[in-house]
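The values are calculated or read from the model by the stated rules, or taken from the named source; none is laboratory data. Being a predicted model, the structure only gives us computed values, none of them experimental. Here Cβ is always computed from backbone atoms with ideal geometry, including for glycine, and neighbour counts include all displayed protein chains.
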Amino acid sequence: MLRKSTNASRLEILDWLKDPVAHFPRQRHADLAEDGVTVRAVAVKLGVSRRVAGAHLDVLTRLGLLRTRRIRHRTYYRRDEIRIAEVARMFEKGW
């Protein structure tokens, strides 16, 4: 089986988080649209371990493309639309 490139996986995560309600099951303690999704939900969707999913989410968070929110003992991830728009503008200008 061929593995997906890490960049493709991260782009896929960003795409899913555009509309988390359409791509992830409901969560008990958080709202998908407002709070985001857990590492576990991303891991299940990607078909990888939590550690691998967490690494992808960590990179996207350090780049500023995702924001986090702690609820109870879990971290929820959602897109930072303002930062994503800034990065897109940089690439359009020929960064």
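Determine whether region 13-20 contains at least one residue that is surrounded by fewer than 17 Cβ atoms within 10 Å (Cβ to Cβ), farther than 12 Å from residue 79 by Cα and either touching a residue at least 24 places away in the same chain (Cβ under 8 Å) or touching a helix residue (DSSP H, G or I) at 6+ places or on another chain (Cβ under 9 Å) (or both). Within region 13-20, none of the residues are surrounded by fewer than 17 Cβ atoms within 10 Å (Cβ to Cβ), farther than 12 Å from residue 79 by Cα and either touching a residue at least 24 places away in the same chain (Cβ under 8 Å) or touching a helix residue (DSSP H, G or I) at 6+ places or on another chain (Cβ under 9 Å) (or both). Taken over region 57-76, the criterion of being charged (D, E, K, R), closer than 18 Å to residue 16 by Cα and either in contact with a helix residue (DSSP H, G or I) (Cβ under 6 Å, 6 or more places away or on another chain) or at pLDDT below 95 (or both) is satisfied by 69 alone.
Flag set for residue 10, criterion: in a helix (DSSP H, G or I), in contact (Cβ under 8 Å) with a residue 40 or more places away in the chain and either in contact with a Leu (Cβ under 8 Å, 6 or more places away or on another chain) or among the basic types (Lys, Arg) (or both).
None of 53, 43 is touching a residue at least 12 places away in the same chain (Cβ under 8 Å) and either in contact with a helix residue (DSSP H, G or I) (Cβ under 7 Å, 6 or more places away or on another chain) or assigned to a helix (DSSP H, G or I) (or both) except 53. Cβ-Cβ contacts under 9 Å between residues 6 or more apart (or on different chains), taken from a first residue in region 76-95 that is surrounded by fewer than 10 Cβ atoms within 10 Å (Cβ to Cβ) to a second residue that is of a type in the set (Val, Ile, Thr) and in a helix (DSSP H, G or I), are listed as 95/87. Just give me the residues in region 37-95 being among the aromatic types (Phe, Trp, Tyr) and over 10 Å from the mean Cα position of the chain (by Cα), in sequence order. 91, 95, listed by residue number.
Residues in region 62-75 that are farther than 17 Å from residue 30 by Cβ and surrounded by fewer than 17 Cβ atoms within 10 Å (Cβ to Cβ): 62, 63, 64.
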